[in-house]
Amino acid sequence: MELASKYTPADVEAKWYQYWLDNQLFSSKPDKREPYTIVIPPPNVTGVLHMGHMLNNTIQDILVRRARMTGKNACWVPGTDHASIATEAKVVNKLAQQGIKKKDLTRDEFLKHAWEWTDEHGGIILKQLRKLGASCDWDRTAFTMDEKRSESVIKVFCDLYNKGLIYRGVRMVNWDPKALTALSDEEVIYKEHPGKLYYLRYKIEGEESYAVVATTRPETIMGDTAMCINPNDPKNTHLKGKKVIVPLVNRVIPVIEDDYVDIEFGTGCLKVTPAHDVNDYMLGEKYNLPSIDIFNDNGTISEAAGLYVGMDRFDVRKQIEKDLFDANLMEKIEDYTNKVGYSERTNVPIEPKLSMQWFLKMQHFADMALPPVMNDELKFYPPKYKNTYRNWLENIKDWCISRQLWWGHRIPAYYLPEGGYVVAENAEKALEAAHLKTGNKKLTINDLRQDEDCLDTWFSSWLWPISLFDGINQPNNDEITYYYPTSDLVTGPDIIFFWVARMIMAGYEYQGEMPFKNVYFTGIVRDKLGRKMSKSLGNSPDPLELIDKFGADGVRMGMMLAAPAGNDILFDEALCEQGRNFNNKIWNALRLVQGWQTADIEQPESAKVAIEWFDAQLNSAINELEDDFKKYRLSEALMTVYKLFWDEFSSWYLEMIKPAYRQHVDIQAYTATISFFEKLTLLLHPFMPFITEEIWHALANRNEHESIMVQQQPKSVAINTALLADFDIVKEIITSVRAVRLERNIPNKQSLSLLITSGAHNAKYDAVIVKMCNLDQIVCAEKELTAASFMVRTTEYAVPLGNLIDSEEEIQKMETKIAYLEGFLTSVMKKLGNEKFIANAKPEIVENERKKQADAKSKLETLRENISRLKKQS
């Protein structure tokens, strides 16, 4: 095929992606090959592509494409997550713009709007991933709320309930006043917050004196039911057995004693608000204190508070500060920085709140999920995240799995008219269970009331590697047996608890084995200044715009050049530009090779040597690449093949093979070059799928439906390390001769001679040196007065310059070098003359200084000899 003068990604990428789809090259069905399976971390159904997705999915695609090219049956399953909180919030906002409030709708009416929103916006991100080149089996696309996945979730809930692992109870939970739902501990992000420490006066009952309490939350005093002191605190001994009066509220509360109180914090007196603080709740349970819930679900003050009813919690904080000062019940206020819990989804401060919720007992799962990771049966890359994982599992708490939302999997619990409830997969089964439980056969479905809450989104996501192959509904089916456990999981460390750990738990509970063999943790994509990318900072580029500008291959390469496993990525558009430049380098190399005219002529010695060397270099790189992939060093793997193409193939090999102007290249050399080019495209394909498909088709006539995607990766053979070592010396000689040309401004067309003035030289590679340096001879001879000399290892070479140099200019250059070296030698001698340095420095450091001394003296001697020769000649 005729090549365009310039590589234009837009002309290539859509064409080949459609070709792959048309030929069903992403499709996978169980067969006799070894499976390679990846399940996509399901993005939010209404999400759009961002830089984190770009990185994560580029890595997955590299792994999947390489697996296909190593003979495995690669299956990459795509899908989306229903994202309860995020999606419901978007639907509520959309309805608000239409003047509709959620509370005015029935559940079914609201869900109709939610499904319409999902159908309209859902799946956009999966279509965008196609632009990146993602080779997912799109026929397998799943959604966490589709029929199979929903059925799986409900079955698991019922099973765990029947096993006694799910329970319902009033507990202190994290309450999101904006989303109006409980959250799990993992959904709360703690941030440093500059606040205040308020010192409040609690009058001691029957006395004129006060006990002072330091608190960051004066607005919660309406819920105080005790004051607590440490029994070992001498400064508060006088409060033992007494009662105090809550300021403004005038409620009399007891002073209790517990070692929990930190004597050093504030005054050593603690206000106890069991309904609104986790630790206070525990004290309340221990000392049987009443609990007063002073907050409505939306964060306003409830009727139970008696004061400030209906006001927002933060407005109350401002007002109560003023009121306490006016009542002379505020001792003082200090600036104070503390950690405040924020909702991960809505970014508002959460409210600890007593609430009736559903919980999953987690210790059973933690006991199963910890050993395989710590024993490296299931490997983490990088392994540093094993400690993070262990710390969480060793301190596991029960998982609050209920959410006060409508969008999601509705909890399959059905309440009975006379009290109590049953748990069943559907209303019909619930009725059967109700008949059995109550003995009342007159009960109908209409008598049962299903729980209004839905399940935490992660309760469906934790089943993802199993439910994608319908392993819950159809245990041991052909697909789950073949594809499970999956091979690799690529995800961010920020969801190691939310998702990774819980999938491991579900895997062992329902399949009896791990859900994946390896977890590759990506870093966070940051800008080049190290800031996290965000809309508010305006530092997050649109991935699709980057693809339009640099091409998908350029962007993929740009992402991967900066993406070592587990480390944050400092993204710079310049990296994508480097990727685009590499595309152009590959394209221009192909145009160069295809522009050569071949002839049935004898192969030059330089071409024979070049082919033998590059073959060894290619095998060495293949070996290195295989090792990088085994260790999940994908960034290093890309650099290996990048350098192989740019440096070894383009800068060295093609220059050695290239015929002289208007000359022909021998057929053997041309055939070998095309073969090398093809192998290079195979190695590059997982990283840069589009340009490699284009080039692979340009290198030879291909059959219809053929693709580089399913060709096998080149395999490494024995590496000729001696040849590679020899050739490193050859490169040094060539580079040194070229440096002489550059320093003396000698044109390339001017042929030179190369003298071997001392040491050993391997003449086997002379043909390459002669061609690459435009030499007329390489001979052993004494150094000429006007020769420019250089050392390569232990051999000295010289390039006779004769009338090609200006003697005075050369002498001046050498005198400048002498002046520098004399100064350098003086500093080294000073160090070696220092007795303290000799006595205290490590022997190897002293030896290194002595080596510097000897080298400087040797160079000075050579320079002075050369000046002397030049002066005699002139």
Worksheet entry | Pairs beyond 22 Å (Cα-Cα), from Lys608/Lys764; Lys631/Lys731; Lys749/Lys871; Lys549/Lys658; Lys384/Lys631; Lys196/Lys242 | Lys631/Lys731; Lys749/Lys871; Lys549/Lys658; Lys196/Lys242
Item to complete: Can you pull the one-decimal nm distance between simple spin-label points at Lys242 and Asp258, each 7 Å off the Cα toward Cβ?
Response: 2.1 nm
Worksheet, complete the sentence: region 272-342 and region 409-478 have their Cα centres apart by a whole-number Å value of 38 Å
Worksheet item: In whole Å, what is the distance between the alpha-carbon centres of region 539-592 and region 75-152?
Response: 31 Å
Worksheet entry | Ratio of the Cα radius of gyration of region 383-520 to 2.2 N^0.38 Å, where N counts its residues | 1.31
Item to complete: Could you point to the residue in Pro372, Gly595, Ala841 farthest towards the positive end of the chain's charge dipole, with +1 and -1 charges on the Cβ of Lys/Arg and Asp/Glu respectively?
Response: Ala841
Response to the item:
Helix 51-68 sits off the longest principal axis of the Cα atoms of the chain, rounded to the nearest 10 on a 0 to 90 degree scale, by 60 degrees
Worksheet item: With the contact rule set at Cα under 8 Å and sequence spacing of 6 or more, what percent relative contact order holds for the chain?
Response: 12 percent
Discussion item. At 1.4 Å probe radius, can you tell me the per residue accessible area of region 274-363 in Å²?
Written reply: 51 Å²
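Normalising by the residue count of region 555-684, find the relative contact order in percent from Cα pairs under 8 Å and 6+ residues apart.
The value is 34 percent.
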Item to complete: Work out the charge dipole of region 457-612 with +1 on the Cβ of Lys and Arg and -1 on the Cβ of Asp and Glu about the Cα centre, then indicate which of Leu468, Gly579, Ser606 is farthest towards its positive end.
Response: Gly579
Worksheet item: Which of these values of volume of the Cα convex hull per residue in Å³ was calculated from the structure shown: (1) 205; (2) 255; (3) 246?
Response: (2)
Worksheet item: Counting only protein heavy atoms, what percent of the accessible surface of region 134-277 is carbon or sulfur at a 1.4 Å probe?
Response: 50 percent
Practice prompt. Please work out the Cα center distance from region 660-737 to region 1-55, rounded to the nearest Å.
Written response: 24 Å
Worksheet, complete the sentence: One point scatterer per Cα, no solvent, Debye formula: log10 I(q)/I(0) for region 717-874 at q = 0.17 Å⁻¹ comes out as -1.05
Response to the item:
Karplus-derived 3J(HN,Hα) from phi for region 197-213 (6.51 cos²θ - 1.76 cosθ + 1.60, θ = phi - 60°), whole Hz, x at Gly and Pro, runs 10, 9, 9, 9, 9, 9, 5, 6, 4, x, 10, 8, 8, 10, 9, 9, 10
Worksheet entry | Rg over Rh [alpha-carbon atoms, Kirkwood Rh] for region 705-784 | 1.20
Worksheet, complete the sentence: For region 258-269, Karplus-derived ³J(HN,Hα) couplings (6.51, -1.76, 1.60; θ = phi - 60°; whole Hz; x for glycine and proline) come out as 7, 5, 4, 5, 7, 4, 7, 7, x, 9, x, 9
Discussion item. Under 5 Å between amide hydrogens, which residues at least 5 positions from Val244 or on another chain qualify, with H placed 1.01 Å from N in the peptide plane?
Written reply: Glu205, Ile253, Val255
Worksheet entry | Net dipole in debye of the chain [+1 Lys, Arg Cβ; -1 Asp, Glu Cβ; about Cα centre; nearest 20] | 1080 debye
Discussion item. Taking the 0 to 90 degree range and rounding to the nearest ten, how far is the long axis of helix 107-121 tilted relative to the main principal axis of the chain, both from C-alpha atoms?
Written reply: 10 degrees
Fill in: For region 83-212: relative contact order, % (alpha-carbon pairs under 8 angstrom, 6 or more apart)
11 percent
Item to complete: Sum up the lysine pairs in region 1-104 that clear both bars: alpha-carbon distance under 30 Å and a spacing of 8 or more or different chains.
Response: 10
Fill in: Rg in Å to one decimal, and Dmax rounded to a whole Å, for region 27-179 via C-alpha atoms
19.3, 58
Practice prompt. Name the residues whose placed amide hydrogens come within less than 5 Å of the amide hydrogen of Asn338, ignoring near sequence neighbours (fewer than 5 apart) on the same chain.
Written response: His193, Gly195
Item to complete: Calculate I(q)/I(0) for region 520-648 by the Debye formula, one identical point scatterer on each C-alpha and no solvent, and give its log10 at q = 0.17, 0.18, 0.22, 0.23 Å⁻¹ to two decimals.
Response: -1.00, -1.07, -1.32, -1.37
Worksheet item: Which GluC sites (Glu not before Pro) in region 668-752 pass both tests, a DSSP loop state and at most 16 other beta-carbon atoms within 10 Å?
Response: Glu704, Glu706
Item to complete: State, to one decimal in nm, how far the label point of Ser827 lies from the label point of Glu809, with both points 7 Å from Cα in the Cβ direction.
Response: 3.0 nm
Practice prompt. Determine the gain in length on full extension of the stretch Ile189-Lys148; use 0.36 nm per residue of separation and subtract their C-alpha separation, reporting nm with one decimal.
Written response: 11.5 nm
Item to complete: Would you mind computing the Rg to Rh ratio of region 332-371 from its alpha-carbon coordinates, Kirkwood style for Rh?
Response: 1.19
Item to complete: Among DSSP beta bridges whose residues both lie in the chain, state the antiparallel percentage, nearest 5.
Response: 70 percent
Discussion item. Largest first, please: the extent of the C-alpha atoms of region 235-380 along each principal axis, to the nearest Å.
Written reply: 65, 39, 32
Worksheet item: Residue-wise, which Karplus ³J(HN,Hα) couplings in Hz belong to region 706-714, taking 6.51 cos²θ - 1.76 cosθ + 1.60, θ = phi - 60°, and x for glycine or proline?
Response: 6, 8, 4, 3, 10, 7, 7, 5, x
Worksheet, complete the sentence: Evaluated at 4 °C and 1.567 mPa s, the Stokes-Einstein D of region 806-874 based on the Kirkwood radius over Cα pairs, in µm²/s, stands at 96 µm²/s
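The values are calculated or read from the model by the stated rules, or taken from the named source; none is laboratory data. Quick caveat: nothing in here was measured; it's all calculated off a predicted structure. Because the Cβ atoms are built from the backbone with ideal geometry, glycine has one as well, and the counts that use them run over all protein chains shown. To get the accessible areas, we keep the full protein, side chains included, count just its heavy atoms, and leave off ligands, DNA and RNA. Shrake-Rupley method; radii C 1.70, N 1.55, O 1.52, S 1.80 Å.
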